[in-house]
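The values are calculated or read from the model by the stated rules, or taken from the named source; none is laboratory data. These numbers come from a predicted model, not from an experiment. Quick reminder, even Gly has a Cβ in these numbers, built from the backbone with ideal geometry, and neighbours come from all protein chains shown.
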Amino acid sequence: MTETTKSFKYWQWRTIIVTMVGYALFYFVRKNFSIAMPGLTAEFGISKVSLGLFLTLHGIIYGLSRFVNGIISDRNSARIVVSIGLMLCALANFLFGFSDTIAGWIVALANNAGTEIAFSSVLLYFMGIVWVINGYLQGMGVPPITKTITQWVHPKELATKLSIWNMSHSIGAGLVFGLCGWYIMPHLGVDMTANAEAVANIASNLGLEITDLKVLSFAAHYYAWRWCFIIPAVFAAMGAIGLFTLLKDSPSDVGLPEVVGKKKAIVRTPEESAEYKAFVRRKVFGNRLIWTLALTNFFVYVVRFAALDWGPTLLIESKGLTLAVATTLCIVFEFIGGNIGMVVAGWATDHIFKNKAHHTCVFCMIGASLSIAAFWLIPTGSPWWVMIVPFTFIGFFIYGPQALLGVAAANQATNRAAATANGILGIFGYASTLISGVGFGFVAQHYGWNGAYITILVMAILGIVSLLTMWSAKADGYEEQK
């Protein structure tokens with residue numbers, strides 16, 4: 001092995017590891033909301049529909065942001081975009097953690113000026129605005145990292161290595177679930193189940209009926225929702241500094257040869273600009289395969305977010321689990337199901353399906369559909385160890401497509417337009433929150449969780465149908481790159 005090869009391997013794996021840690025920290029300041037949701041309901045009486053609306057608006061803005069930042073990232077330094085994005089996400093989470101205090105200040109100022117405004121309304125608007133802003137800032141994560149990874153990894157091994165990188169999603173979600181659900185909530189909150197009289201008083205103040213006390217019991221440590229935003233924000237701020245310091249955009253930045261073709265990331269002259277725009281129109285916006293992958297991403301993300309965003313609430317209310325056990329199942333879903341599923345799917349794509357990621361995704365979605373049906377049929381109140389197997393398999397199968405659809409899009413668009421293509425997938429993926437966010441909240445609140453399970457299953461089946469329409473597509477578009 002030559003010195004150049006050794007140096008390239010070092011920088012390649014350094015890039016993968018640094019971006020894995022960095023993107024996991026984006027999840028620290030995004031999926032912390034899932035654990036905080038019961039606390040927000042308990043303290044302020046925020047309904048499922050309102051919480052679902054938060055998730056929907058956050059998701060839609062995030063999807064649009066991924067598209068916008070995909071274009072920005074393809075033309076600018078990925079290192080700068082991703083590090084600034086993570087730092088600003090940390091700031092947004094600090095603000096959210098103090099949102100009730102800030103809302104109180106706003107109400108006091110308004111009252112002093114002679115204007116009567118309700119604290120609950122100010123709080124909801126402030127939380128919503130901050131969380132939507134966080135949604136946009138979150139979109140500064142995936143596109144620049146996708147661009148960076150495709151600069152360092154050859155298309156023939158991209159599925160395997162990008163699947164390894166995609167473990168950052170489940171690592172980040174699993175760690176923040178554990179941090180908030182196992183540590184912050186039990187140790188920094190107030191145990192609302194310890195004093196029945198206190199629980200009854202809080203219920204009365206919130207205007208809740210006695211039948212709603214289940215909401216309070218599983219939100220047991222409701223004061224801690226604030227720390228679920230503040231503490232992860234500290235980790236994210238430190239991670240942003242690390243990304244800016246350690247990340248390199250491409251091999252040429254450290255004196256190494258490019259992996260595929262010449263570097264065209266930053267457009268400078270009018271001629272280069274015109275050629276690049278024509279290339280993107282052909283390989284991305286005019287490419288039927290990119291739009292098919294994007295539509296499939298919509299269905300995949302509905303299934304994924306049903307477990308990720310609503311996981312603790314769904315498991316507690318539909319299966320009768322405690323907060324601690326529900327947190328455990330969500331962590332296993334991410335760490336074991338998600339991580340193993342991504343790696344297996346990536347390996348299978350490169351070694352069994354001849355780099356055709358869309359073929360792997362078909363089989364993954366079939367497995368996900370069967371696992372969803374099996375989990376749904378488990379009776380409420382069954383032992384947790386009965387539920388954990390099918391729930392983990394949902395993660396195993398759904399995280400394969402979650403990782404591989406981006407790989408397929410990057411290969412079809414080539415590394416010159418990978419971030420833009422993945423930006424389109426992001427729009428469709430996070431438009432799914434129209435269903436998995438406020439849609440699920442509405443269905444669960446008015447029709448029960450059985451309706452939500454039916455919706456999840458239908459989305460998984462539609463994902464299979466969408467993928468089958470591109471079964472005969474080639475593995476990548478590099479033959480037509482010129």
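Before moving on, here are some points about what is shown:
- First in region 1-28 and charged (D, E, K, R), second anywhere and part of a loop (DSSP other than H, G, I, E, B), Cβ under 9 Å, 6 or more apart: Lys9/Met1; Arg14/Leu247; Arg14/Lys248
- Conditions (1) over 20 Å from Gly341 (Cα atoms); (2) among the small types (Gly, Ala, Ser); (3) modelled with pLDDT of 85 or more; (4) over 24 Å from the mean Cα position of the chain (by Cα): number failed by Gly477: (3)
- Residues being under 17 Å from Asn450 (Cβ atoms) and under 21 Å from the mean Cα position of the chain (by Cα) - total across region 372-401: 3
- Summed over region 340-366, the residues that are surrounded by 19 or more Cβ atoms within 10 Å (Cβ to Cβ) and either of a type outside the set (S, T, N, Q) or within 17 Å of Gly395 (Cα to Cα) (or both) give a count of 16.
- Out of Glu209, Glu275, Glu271, sole residue that is modelled with pLDDT of 70 or more, of a type in the set (D, E, K, R) and loosely packed, with under 15 Cβ neighbours inside 10 Å: Glu275
- Any chance Ile230 is modelled with pLDDT of 75 or more, among the β-branched types (Val, Ile, Thr) and farther than 23 Å from Asp74 by Cα: yes
- So Ala460, is it surrounded by 24 or more Cβ atoms within 10 Å (Cβ to Cβ), within 18 Å of the chain's Cα centre (by Cα), farther than 22 Å from Val362 by Cα and of a type outside the set (Phe, Trp, Tyr): no
- Some residue of region 300-314 being of a type outside the set (Lys, Arg), over 19 Å from the mean Cα position of the chain (by Cα) and over 21 Å from Ser168 (Cβ atoms): no
- Yes/no for Leu158 being assigned to a helix (DSSP H, G or I) and touching a residue at least 24 places away in the same chain (Cβ under 8 Å): yes
- Some residue of region 293-310 being hydroxyl-bearing (Ser, Thr, Tyr) and closer than 22 Å to Val362 by Cβ: yes
- All positions within region 430-453 that are at pLDDT 85 or above and exposed (fewer than 15 other Cβ atoms within 10 Å of the Cβ): Asn450, Gly451
- Counting only helices (runs of 4 or more DSSP H) wholly contained in region 1-106, the ones carrying 1 or more residues that are within 25 Å of Asn297 (Cα to Cα) and modelled with pLDDT under 90 occupy 32-44, 48-75, 78-97.
- If you check Ile398, Ile316, Ile372, Ile366 for being touching a Ser or Thr at 6+ places or on another chain (Cβ under 9 Å) and either at pLDDT 90 or above or within 30 Å of Arg281 (Cβ to Cβ) (or both), only one passes: Ile398.
- Only helices (runs of 4 or more DSSP H) whose full extent lies in region 356-464 are considered here, and the ones with at least 3 residues that are touching a Cys at 6+ places or on another chain (Cβ under 8 Å) and of a type in the set (A, V, I, L, M) are 384-413.
- When residues of region 233-268 are limited to those that are modelled with pLDDT under 85 and in contact with a Pro (Cβ under 8 Å, 6 or more places away or on another chain), the one farthest from Thr41 (Cα to Cα): Pro257
- The set of residues from region 165-178 being modelled with pLDDT under 85 and under 21 Å from Ser73 (Cβ atoms) comprises Asn166, His169.
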